[in-house]
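**Student:** I have a structure I would like to understand better, so I am pasting it below and will then ask my questions one at a time.
The values are calculated or read from the model by the stated rules, or taken from the named source; none is laboratory data. Quick caveat, the model's predicted, so the values are computed rather than measured. Every residue, glycine among them, receives a Cβ derived from its backbone with ideal geometry; neighbour counts consider all protein chains shown. Surface areas here come from the heavy atoms of the whole protein model, side chains and all, with no ligands, DNA or RNA. Shrake-Rupley method; radii C 1.70, N 1.55, O 1.52, S 1.80 Å.
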Amino acid sequence: MSHEPDYLALTFSDIEVLPMLDRREFLKKVGSGIFVFVALGDLVLAQDPDGRRQQFRPQAPDDFNAFLRIAEDGGVTCFLGKTEMGQGVYTSMAQLLAEELDVQLDAIEMVMSDTGRCPWDLGTFGSMSIRYVGPTLRKAGAEARAVLLELGAKELGADASKLETVDGEVRVRDQPSRKVSYGALAKGEQIQRVVAGEVTLKEARDHKVIGRSEIARDAVAKVTGQAIYAGDIRRPGMLYARILRPPAHGARRTSLDTRAAAEMDGVRVIEDGDLVAVLHATPDGAAAALGRVRADFEVPESDLDDQNIFEALLADNARGRGLAKAGDLKVGEEAAAHFFDSTFLDGYVAHAPMETHTAVAEVGAESATIWASTQTPFMVRDAVARVLKMEAPKVRIIAPFVGGGFGGKGRSPQADEAARLAQLAGVPVHVEWTREEEFFYDTFRPAAVVKLRSGVDARGRMTAWEFDVYHAGTRGAGQFYDVPHHATTSYGSGWRGGGGPHPFGVGAWRAPANNTNTFARESQIEMMAAAVKTDPLEFRLRNLKDKRMIAVLTAAAERYGWTAQSPAGSRGRGIACGIDAGTYVAMIAEVDVDKNSGQVQVRRVVCAQDMGLVVNPRGARMQAEGCITMGLGYALSEDVRFNGGRIHERNFDTYILPRFSSVPEIEIDLVDTGVPEANGGGEPAIVTVGGAIGNAIYDAVGARLMQMPMTPARVLDALA
Amino acid sequence: MKRLLRFTVNGHSHALDTSADRPLLAVLRTDLGMTGTKYGCGQGLCGSCTVLVDGKARRSCSLTLATVEGKDVTTIEGLAAGGVLHPLQRAFAQEGGLQCGFCTPGMIMNAAALLLDKPSPSHDEIIQRMEGNLCRCGTHVRIVRAIEKAATAVEGTR
């Protein structure tokens, strides 16, 4: 397979495992070159500046981990704990480094999401890679460049101020013949530096690689089938496992008969407490064996289902946490000409990545290696270490390419399962959840309720805003409109372990909580606009002071071609604004509604987004498009139905993802308001999809949807 | 009930002594070690495992070996003839018709069958024929663009 010269295939080249916690050992094992290290403490602080994720922090000494190496052949290797799961950090992170180092993008090899080789990392979620680790990575590049200039000055016999770095070389400015390559500067030595607090980064006006659209560097590997995912790992003697699963969450096994399975050719049965699995040299052989395992389960009775869950959420008496408060709500209510008291509902949705949770484990007496589809390899390492009763550094987790995560591949229990089975069986074990298992064990985005009371005066100025969100979480609950009397409270956390009557696991789902909160807020905004007979764009602008929000809203309206005149017939347009991961989004959706069937077809979505510094504009647009497309699902069709611990969704026949025919024309406008730092890119544009579509449905046919997903049945109900 | 089953994959003949009722997907990924074809749902509902069988798009998770006996199977690994990327592969990369890449082999193979069938499909025909392939990253608009571009490229070489 030859590769196009313009792309670089990601190989995860298997260079020796390096014990990352000991700098001296590391340097003993590697050759010469220039090494830039980062202090673990600094890395932790960069990723968790407000200490909110203390529980995930490493219990390791404050040592130095290698961040990048410039080898004698001039090749740059960057060790980065982030995972590439489609969001494009394999490309954009390399861009940051290429910029500060003045090397070609192709000169950089990214060694990623491998706990054996990369510095500790919190995990890949929350649109935090570019935001929080990006600056540290840039500093490492700048630090390396400073060393190169220093060495180059000696080598070339010129003052450092007369030097420039271009394309992997140190050159004397205006004397093209006086130059030396980066690789040659190490001269067989090991030169070490540590990322210091204060390093001068390049100014935005000097950026050549940051801000340049790049094709994903893993694209060729992915279009040729060469890209390796956890399930593609093959180890000598490896067996495929299938695990006995209960029919419902909370079920208890009352009988077990594995004899028929054990009698099958080449089948091994493993039973260890709750874990019952069959192993075979082929996945279909393991599946056939599982089919012969007989077990009975006692399923606890429950009346809880996807219809009455909302009452249960409100009855849960979760503790409230005030997020914002100003003025006096009573005064605000009295000043209102129109007052609204609304309840918005949002169901459970599944992550449904195309790659199910998968792991291959190879466990020895002293150490273990697990290839796992996970967004949080270091967290998984600690969990597997506990399961195997090993010290964490003895466990190596490698997350090769991950086939989509969206928040659902954090904890990754399949890695524990594979590790346990490999330890018990004494051979490498492959665990690939079936789609049915994936739906069953998904940590769904929690169902949630928003109670919203707000008032507007006769002139269309908001007077009061009281926002209470139950069990979604806080993200996106804050409002950015200019309203004098307001209060925002969040009840329950929306996270696993955060309480709530959920009969199964719930957790982060792309832009956690924000889809729910933004749907409620932006629907209510247009309800108020309608009451005062004001155009929803005009209404928002009248109630906004935030310059970034005004900028994106104006940009979206312009690109859409917004006029006071709404489309004719059963066509409508709706706006939603939101903030996520520091990024400002304004979105306009245009829909057709079939009044007979309740079917909603989204025709066009315009999205204007201010995300601060844009590293790879092409990648940023692709993320925003992906957000909008994925958002169609939570807005219109995705709904996890259940009864107690029994989950009715098992596969894609009943759980309806957006398909080709559902996707509208999408236009993305990246708005630059001069914010120097990078904000998030992987999640923001999804938060406004539900609100914009809901408002467009109202504009089209006058039906106000108070619950997502806005299925045809609910549209018909709202029309009735 | 093992027996000798013959079929070709990407132009190479294979004779496997195995059960005829085994799913092609498992045989490709395990016995033949070709992991480019992906498991997504196991029931032919997502298209991640799409391969060509005698030029037609088929879901390898729901296809037994018996049904491909004596036939030509093409997988994503066999699409780039002589090391040159197929126009679809090139277009998917250039247009950004992929993110996590997991559905990509199935998408490309399904599109390859479409182009074999209809070298210049209309926009609507592309959507109709790709409808059964799922992508969770939401790269649909770019996949359609890539297929349109590849169709033009294929047409241009005729």
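**Student:** Kindly evaluate B:Val51 against the criterion of being more than 9 Å from chain A (Cβ to nearest Cβ), open to solvent by less than 20 Å² (accessible area, probe 1.4 Å) and farther than 17 Å from B:Ile143 by Cα. I'd like the intermediate steps shown before the answer.
**Tutor:** Working: more than 9 Å from chain A (Cβ to nearest Cβ): yes; open to solvent by less than 20 Å² (accessible area, probe 1.4 Å): yes; farther than 17 Å from B:Ile143 by Cα: yes.
In short, yes.
**Student:** Just need a number here: residues in the range A:417-433 that are open to solvent by less than 20 Å² (accessible area, probe 1.4 Å) and either touching a Cys at 6+ places or on another chain (Cβ under 8 Å) or not hydrophobic (A, V, I, L, M, F, W, C) (or both). I'd like the intermediate steps shown before the answer.
**Tutor:** Going residue by residue through the range A:417-433, those that are open to solvent by less than 20 Å² (accessible area, probe 1.4 Å) are A:418-419, A:421-422, A:425, A:428-431, A:433.
Now restrict to residues that are either touching a Cys at 6+ places or on another chain (Cβ under 8 Å) or not hydrophobic (A, V, I, L, M, F, W, C) (or both): A:428, A:430.
Adding up the residues that qualify gives 2.
Yes or no, residue by residue, for (1) under 28 Å from the mean Cα position of the chain (by Cα); (2) modelled with pLDDT under 80; (3) outside the structural domain of A:Ala383 (by TED's automatic domain parsing); (4) open to solvent by 80 Å² or more (accessible area, probe 1.4 Å):
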position	(1), (2), (3), (4)
A:Arg23	no, yes, yes, no
A:Phe26	no, yes, yes, no
A:Gln54	yes, yes, yes, yes
A:Phe64	yes, yes, yes, no
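**Student:** Taking interchain pairs and intrachain pairs at least six residues apart, which have beta carbon atoms under 8 angstrom, with the first residue in the range A:624-635 and at the interface with chain B (Cβ under 8 Å from one of its Cβ atoms) and the second of a type in the set (D, E, K, R) and open to solvent by 10 Å² or more (accessible area, probe 1.4 Å)?
**Tutor:** If the second residue must be of a type in the set (D, E, K, R) and open to solvent by 10 Å² or more (accessible area, probe 1.4 Å), the pairs left are A:Glu625/B:Arg142; A:Cys627/A:Arg510; A:Cys627/A:Glu683; A:Met630/A:Arg510.
**Student:** Report yes if B:Thr30 is more than 11 Å from chain A (Cβ to nearest Cβ), open to solvent by less than 40 Å² (accessible area, probe 1.4 Å), of a type in the set (S, T, N, Q) and out of contact with any Lys or Arg (no Cβ under 6 Å at 6 or more places or on another chain), otherwise no. Reasoning before the result, please.
**Tutor:** Working: more than 11 Å from chain A (Cβ to nearest Cβ): no; open to solvent by less than 40 Å² (accessible area, probe 1.4 Å): yes; of a type in the set (S, T, N, Q): yes; out of contact with any Lys or Arg (no Cβ under 6 Å at 6 or more places or on another chain): yes.
In short, no.
**Student:** State the number of residues belonging to the range B:52-71 that are touching a strand residue (DSSP E or B) at 6+ places or on another chain (Cβ under 6 Å) and among the hydroxyl-bearing types (Ser, Thr, Tyr).
**Tutor:** 1
Yes or no, residue by residue, for (1) more than 11 Å from every other protein chain (Cβ to nearest Cβ); (2) crowded, with 24+ Cβ neighbours inside 10 Å:
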{"residue": "B:Phe92", "(1), (2)": "no, yes"}
{"residue": "B:Asp124", "(1), (2)": "no, no"}
{"residue": "B:Arg129", "(1), (2)": "no, no"}
{"residue": "B:Lys149", "(1), (2)": "yes, no"}
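**Student:** It is to be established whether one or more residues within the range A:143-166 are in contact (Cβ under 8 Å) with a residue 24 or more places away in the chain, open to solvent by 10 Å² or more (accessible area, probe 1.4 Å) and closer than 30 Å to A:Gln375 by Cβ.
**Tutor:** Yes; the residues of the range A:143-166 include at least one that is in contact (Cβ under 8 Å) with a residue 24 or more places away in the chain, open to solvent by 10 Å² or more (accessible area, probe 1.4 Å) and closer than 30 Å to A:Gln375 by Cβ.
**Student:** Take the residues in the range A:333-346 that are in contact with a helix residue (DSSP H, G or I) (Cβ under 9 Å, 6 or more places away or on another chain) and surrounded by fewer than 23 Cβ atoms within 10 Å (Cβ to Cβ); name whichever of them is nearest to the other protein chains (Cβ to nearest Cβ).
**Tutor:** As a first pass, look at the range A:333-346 and keep what is in contact with a helix residue (DSSP H, G or I) (Cβ under 9 Å, 6 or more places away or on another chain): A:337-340, A:342-346.
When the remaining residues are screened for being surrounded by fewer than 23 Cβ atoms within 10 Å (Cβ to Cβ), the result is A:337-340, A:342-343, A:345.
Numbers: A:Ala337: 41, A:His338: 37, A:Phe339: 38, A:Phe340: 33, A:Ser342: 29, A:Thr343: 30, A:Leu345: 24 Å.
Top of the filtered list is A:Leu345.
**Student:** Filtering the range A:608-623 down to residues that are within 14 Å of chain B (Cβ to nearest Cβ) and surrounded by fewer than 24 Cβ atoms within 10 Å (Cβ to Cβ), which residue is farthest from A:Ala555 (Cα to Cα)? So that I can check it myself, show each step before the final result.
**Tutor:** Residues of the range A:608-623 that are within 14 Å of chain B (Cβ to nearest Cβ), as a first pass: A:616-623.
Of the ones still in play, those that are also surrounded by fewer than 24 Cβ atoms within 10 Å (Cβ to Cβ) are A:617-618, A:621.
Working: A:Pro617: 17, A:Arg618: 19, A:Arg621: 16 Å.
The residue in question is A:Arg618.
Listed here are the residues, each with its yes/no results for (1) without any contact (Cβ under 8 Å) to a residue 40 or more places away in the chain; (2) in a loop (DSSP other than H, G, I, E, B); (3) at positive phi.
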site	(1), (2), (3)
A:Leu421	no, no, no
A:His430	no, no, no
A:Phe440	no, no, no
A:Ala458	no, yes, no
A:Gly476	no, yes, yes
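**Student:** Considering only the range A:358-368, state which residues are crowded, with 23+ Cβ neighbours inside 10 Å and more than 12 Å from every other protein chain (Cβ to nearest Cβ). Full working, then the answer.
**Tutor:** Of all residues in the range A:358-368, those crowded, with 23+ Cβ neighbours inside 10 Å come to A:358-361, A:363, A:368.
A:Ala359, A:Ala361, A:Val363, A:Ala368, listed by residue number.
**Student:** Something else now. Looking at the range A:212-222, can you tell me whether even one residue there is among the polar types (S, T, N, Q), outside any strand (DSSP E or B) and open to solvent by less than 10 Å² (accessible area, probe 1.4 Å)? I'd like the intermediate steps shown before the answer.
**Tutor:** Here is the first cut: in the range A:212-222, the residues among the polar types (S, T, N, Q) are A:213.
In the following step, the residues that additionally are outside any strand (DSSP E or B) were identified as A:213.
Then drop every residue that is not open to solvent by less than 10 Å² (accessible area, probe 1.4 Å), which leaves none.
Looking for residues that are among the polar types (S, T, N, Q), outside any strand (DSSP E or B) and open to solvent by less than 10 Å² (accessible area, probe 1.4 Å), one finds none in the range A:212-222, hence no.
**Student:** Mind checking whether some residue in the range A:246-260 is modelled with pLDDT of 95 or more, crowded, with 20+ Cβ neighbours inside 10 Å, away from chain B (no Cβ under 14 Å) and not in a helix (DSSP H, G or I)?
**Tutor:** yes
Table: residues versus (1) touching a Pro at 6+ places or on another chain (Cβ under 7 Å); (2) over 27 Å from A:Gly347 (Cβ atoms); (3) of a type outside the set (S, T, N, Q); (4) in a strand (DSSP E or B).
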site	(1), (2), (3), (4)
A:Val614	no, yes, yes, no
A:Gly619	no, yes, yes, no
A:Glu625	no, no, yes, no
A:Ile628	no, no, yes, no
A:Leu632	yes, no, yes, no
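**Student:** Could you please give the count of residues in the range A:453-471 that are open to solvent by 10 Å² or more (accessible area, probe 1.4 Å) and small (Gly, Ala, Ser)?
**Tutor:** 1
**Student:** Please work out if A:Ser597 is out of contact with any strand residue (DSSP E or B) (no Cβ under 7 Å at 6 or more places or on another chain), closer than 22 Å to A:Asn515 by Cα and either open to solvent by 10 Å² or more (accessible area, probe 1.4 Å) or in the same structural domain as A:Ser92 (by TED's automatic domain parsing) (or both). Steps first, answer last, please.
**Tutor:** On the way: out of contact with any strand residue (DSSP E or B) (no Cβ under 7 Å at 6 or more places or on another chain): yes; closer than 22 Å to A:Asn515 by Cα: no; either open to solvent by 10 Å² or more (accessible area, probe 1.4 Å) or in the same structural domain as A:Ser92 (by TED's automatic domain parsing) (or both): yes.
The answer is no for A:Ser597.
**Student:** Within the range A:665-720, which residues are open to solvent by less than 10 Å² (accessible area, probe 1.4 Å), β-branched (Val, Ile, Thr) and in a helix (DSSP H, G or I)?
**Tutor:** A:Ile686, A:Val689, A:Ile693, A:Ile697, A:Val715
**Student:** Which ones in the range A:639-661 are under 23 Å from the mean Cα position of the chain (by Cα) and either open to solvent by 30 Å² or more (accessible area, probe 1.4 Å) or among the aliphatic types (A, V, I, L, M) (or both)?
**Tutor:** Answer for the range A:639-661, where residues must be under 23 Å from the mean Cα position of the chain (by Cα) and either open to solvent by 30 Å² or more (accessible area, probe 1.4 Å) or among the aliphatic types (A, V, I, L, M) (or both): A:Val640, A:Ile656, A:Leu657, A:Arg659.
**Student:** Would a scan of the range A:66-75 turn up a residue that is closer than 19 Å to A:Val380 by Cα and either modelled with pLDDT of 80 or more or surrounded by fewer than 18 Cβ atoms within 10 Å (Cβ to Cβ) (or both)?
**Tutor:** Checked the range A:66-75: no residue is closer than 19 Å to A:Val380 by Cα and either modelled with pLDDT of 80 or more or surrounded by fewer than 18 Cβ atoms within 10 Å (Cβ to Cβ) (or both).
**Student:** Still on this model: For the range B:15-24, indicate whether the set of residues that are within 26 Å of B:Val154 (Cβ to Cβ), modelled with pLDDT of 95 or more and either more than 7 Å from chain A (Cβ to nearest Cβ) or touching a Leu at 6+ places or on another chain (Cβ under 9 Å) (or both) is non-empty. Let's see the steps before the verdict.
**Tutor:** Residues of the range B:15-24 that are within 26 Å of B:Val154 (Cβ to Cβ), as a first pass: none.
No.
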